[in-house]
Amino acid sequence: MRKRLLALILALLTIFALPTAAFASPRSVDEPQTAATLPTEEEVYERLMAMQELYPEGSHWDSSSYYIDRNGWKEGGCFGFAIMLQEAAFPDNTMLVRKNAPISIGDVHAGDILSYGITGGSGGHSVIVVEVREDCVVVAEGNVGNGVSWDRTMSAAEVSGVQYRWTYYNSYESMKNGWYEEDGAWYYYEYNWRVTNAWRESGGQRYYLGSDGKMAVGWGKVNGQWYYFNDEHDGTYGCVLKNRWLDDGGDRYYLGPDGVMAVGWRQLDGKWYYFNSKRNGTGGRMLENEWLNDGGKWYYLGLDGEMAMGLYWVTEGGSEGLYYFNEKHDGSCGRMLSGWQDVAGSRYYFETRHNGLFGQGYVDGTYTIGGGRYDFDADGRMIGYSGT
């Protein structure tokens, strides 16, 4: 009863599928078929037995009978019958490949098509394997005396005389899958397709395949973002570097959690850094011992690129001297301040005039400020008032 019900379902599916068969298309590279999608040979056998209910022994199928396959091809005669049964047995698979002689019985699986001579030509004949036994195979075939046969057996010697084997099994083994080194570059294949313009994960690492399929190495731009792909042969060659500093050509860069090169302000381990955002060939370079005017406000990136905060002696980058950078987390942390500033119980004064010394602290001397004279020590602290 179960076989008859399955046969009825398959018959309905076949009827509805025929008008649209010409529009069927194989899976895309983005949705690769895998060996795991293949049915078991037991499932193949059950599906073929369901087809036997529709096309029993002796039913009509001659050289003029035909089947429209899932790619829209009109397949006639014995080969058309074999293809019809095979597609019913493998409804979700598209990677049918031809294996040429020699063919061993040990290679054959239920659902394989075996062909003698030229398929579709004079003298050629095709059968489909229904069951594989220890020393022979049981086959089904059309156009045998203008009818269908289900119970013929072929010995191992007869199988070895077959010219072609059409199979879904083992087809994956003959295709390129994974990484291949070719002409000194690495490429990634999925079922013979060379992957291009795409990310791929392998061994827990991410890699990028360019427009020519080559694995990216060193700096690479993907969708407008810069990445660095490991150029060290340390077992992760070509993987995108993430969450780490990169020293390149004497400059420092930072690669974020997704591998994207940092640009602009970035807080790392509680410290602020600035990475060049200008498109001048040094984008992403960490500023170090340099002044930065950002939105009309001045900042200083000191030793190791850390943003200066509080009292800070600038010794490199020009305009050397004592400065005060906002310590408050009020949205302008790190901004250079001018005028009078109270710091840790002492008073300091920082130039307010744009005379080339803007923001620089008064140190080690007496200076006139607002009509009054003030004394400052070598550390910039105000230590006295001399009057007007």
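Here the accessible area of the chain is 48 percent carbon and sulfur, with a 1.4 angstrom probe and all protein chains present. At a probe radius of 1.4 angstrom, the accessible area of the stretch 309-388 per residue rounds to 55 square angstrom. The trypsin sites (Lys or Arg not before Pro) of the stretch 260-304 meeting both criteria, a DSSP state outside H, G, I, E and B (loop) and at most 12 other C-beta atoms within 10 angstrom of the site's C-beta, are K278, R279. To the nearest ten degrees, helix 41-54 and the longest principal axis of the Cα atoms of the chain are 50 degrees apart. Taking all protein chains together and rolling a 1.4 Å probe, T388 ends up with roughly 140 Å² accessible.
Filter the trypsin sites (Lys or Arg not before Pro) in the stretch 332-368 down to the DSSP loop ones having no more than 11 other Cβ atoms within 10 Å, then list what survives. Sites meeting the loop and neighbour criteria: R353.
Here each label is just a point 7 Å from Cα along the line to Cβ, and for A156 and D212 those points are 5.1 nm apart.
How high is the relative contact order of the chain, given as a whole-number percent (alpha carbon pairs under 8 Å, six or more residues apart)?
This gives 7 percent for the chain.
Above 20 angstrom, tally the Cα pairs of the stretch 248-388 and express them as a % of all pairs, no decimals. Here the tail beyond 20 Å accounts for 51 percent of pairs. For the stretch 175-189, backbone nitrogen atoms closer than 20 Å to the point 7 Å from W199 Cα along Cα-to-C-beta are found at 178-179, 187-189. In whole angstrom, the chain maps to an equivalent ellipsoid with semi-axes of 82, 19, 15, each derived as √(5λ) from the alpha carbon gyration tensor and ordered largest first. Shown here are the Rg and Dmax of the Cα trace of the stretch 121-275, at 27.4, 86 Å. Applying the criteria of a DSSP loop state and at most 13 other Cβ atoms within 10 Å to the GluC sites (Glu not before Pro) of the stretch 89-169 yields E134. Entry note, the chain: the mean residue ellipticity at 222 nm calculated from DSSP H runs of n ≥ 4, each adding -39500 (n - 2.57), is -4000 deg cm²/dmol after division by the residues and rounding to the nearest 500.
The values are calculated or read from the model by the stated rules, or taken from the named source; none is laboratory data. Because the structure is a prediction, the values reported are computed rather than measured. Note: ideal-geometry Cβ built from the backbone for every residue, glycine included; neighbour counts use all protein chains shown. The area values use the complete protein model at the heavy-atom level, side chains included, leaving out ligands, DNA and RNA. Shrake-Rupley method; radii C 1.70, N 1.55, O 1.52, S 1.80 Å.
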